[in-house]
Amino acid sequence: MTVPSLWSGFASDATQVDVERAIAEIRAGRPVLLRDEAERVVALAAEAVDAALCAILDRLRPPSTRLALTAPRLRRLGLARREAGAIALPVLDMARLHALVADPEARIDAPAAASTPLEDGALELMRLAQVLPAAIVADGGAEAAFPGLLGVGLPDVLAYRAVRVAALRIVSRAQVPLEGAPDSEFVVFRGGEGLRDQAAIIVGRPDFLRPVLVRLHSACLTGDLFGSLKCDCGDQLRYAARFMAENGGGVLLYLDQEGRGNGLASKVRAYDLQARGFDTYDADAALGFDSDRRIFDFAAEMLKKLGARRVRVMTNNPEKIAALAAAGLEIADEQRVLGRLTDHNARYLEAKRDKAGHFIDLDSVARLTLRKID
């Protein structure tokens, strides 16, 4: 009888390894070869194009380079579009390229064709890599200009997120006392959101046979760690941990989804636009992002692996509640989470309430702020 080797198990995941390597290449500013049956294109992040890459791409004959952009970015450029599209780049001019990708005042200066499946796949690679959602795409003949290109299949790119949810697993755990919640355990999961780890903090001793108090908290470096006044994230995080500690325990999921899933660099770009008058959602749209790229199916899987089946959700976001319910968890109760109201975050909270339907009562937030000041 032939005994399968250890490597054979890893080899069965080879297509996902290709996607992970492609994500790393895109983040490093290098192109990859994206394949779909007989078709193939070279794709790279538009934000990474420099003079050297321009020179290489401009030597292609015939010129075959396009700029794939999302529907939000095309709308910002002046096109009434609901789907992604691509603009031909017969000559690669860096100033024009950067304007089309990220200048909030730029306007479309050429026709935008409907995107092809491979161009959509290139945009998905940009999203997975957490770079700006704009891709330079060139026909497969361009691969000769880039020897040794990493290749990846389009179906594998499109299936990547779902596969990572199925591969979610616990990799470590330990007691970590927190201020306001000294009886806490960190449980670290690998999977869910690509190459990043996720943390579940079990506060106290929750009874998993009963509805468990839970919060899904997306990481916010500026608010959680540095106390940014532009949001209420840090307040919500610390309030949730204390409340759980004082009310029978719970599970706080700390999810690596900075900037509503857009990544730290794009979040800071959006902050710059907010300083110029955009609200939080308009700033993201100007950069080409949808209003919220986060998915929460893997968060539900984390809760299930910890033993939770019925939950009491601490959130203001209806999308989180709907996602947990869609993943098969029973929503026993909902509880709002309030932070402070500041001169810097009032417009942010209003935008979340008015544009994303968050359950935010600004009068209650203001009263809570006054009590904290007193």
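Please determine whether any residue of the range 37-46 is at pLDDT below 90, of a type in the set (D, E, K, R) and over 23 Å from VAL91 (Cα atoms). For the range 37-46, residues at pLDDT below 90, of a type in the set (D, E, K, R) and over 23 Å from VAL91 (Cα atoms): present. So is GLY78 more than 25 Å from the chain's Cα centre (by Cα) and surrounded by fewer than 23 Cβ atoms within 10 Å (Cβ to Cβ) or not? Considered against the rule, which asks whether it is more than 25 Å from the chain's Cα centre (by Cα) and surrounded by fewer than 23 Cβ atoms within 10 Å (Cβ to Cβ), GLY78 comes out as yes. Close Cβ contacts (under 6 Å, 6 or more residues apart or on different chains) running from residues in the range 13-24 that are closer than 13 Å to LEU154 by Cα to residues that are at pLDDT below 90 and in a helix (DSSP H, G or I) comprise GLN16/VAL163. The condition of being closer than 14 Å to ASP256 by Cβ, of a type in the set (Gly, Ala, Ser) and within 22 Å of the chain's Cα centre (by Cα) holds for only one of SER228, SER218, that being SER218.
Residues in the range 188-195 include at least one that is out of contact with any strand residue (DSSP E or B) (no Cβ under 8 Å at 6 or more places or on another chain) and either surrounded by 21 or more Cβ atoms within 10 Å (Cβ to Cβ) or touching a residue at least 40 places away in the same chain (Cβ under 8 Å) (or both). Return yes or no: is GLY141 at pLDDT below 95 and surrounded by fewer than 20 Cβ atoms within 10 Å (Cβ to Cβ)? Yes, satisfied. I'm checking my understanding of the structure. Among residues of the range 309-324 that are in contact with a helix residue (DSSP H, G or I) (Cβ under 8 Å, 6 or more places away or on another chain) and β-branched (Val, Ile, Thr), which one is farthest from GLY234 (Cα to Cα)? Checked the range 309-324; the qualifying residue farthest from GLY234 (Cα to Cα) is VAL311.
The values are calculated or read from the model by the stated rules, or taken from the named source; none is laboratory data. Just so we're clear, the structure is a prediction, and the values are computed from it rather than from any experiment. Methodologically, a virtual Cβ is constructed for each residue, glycine included, from the backbone with ideal geometry; neighbour enumeration extends over all protein chains shown.
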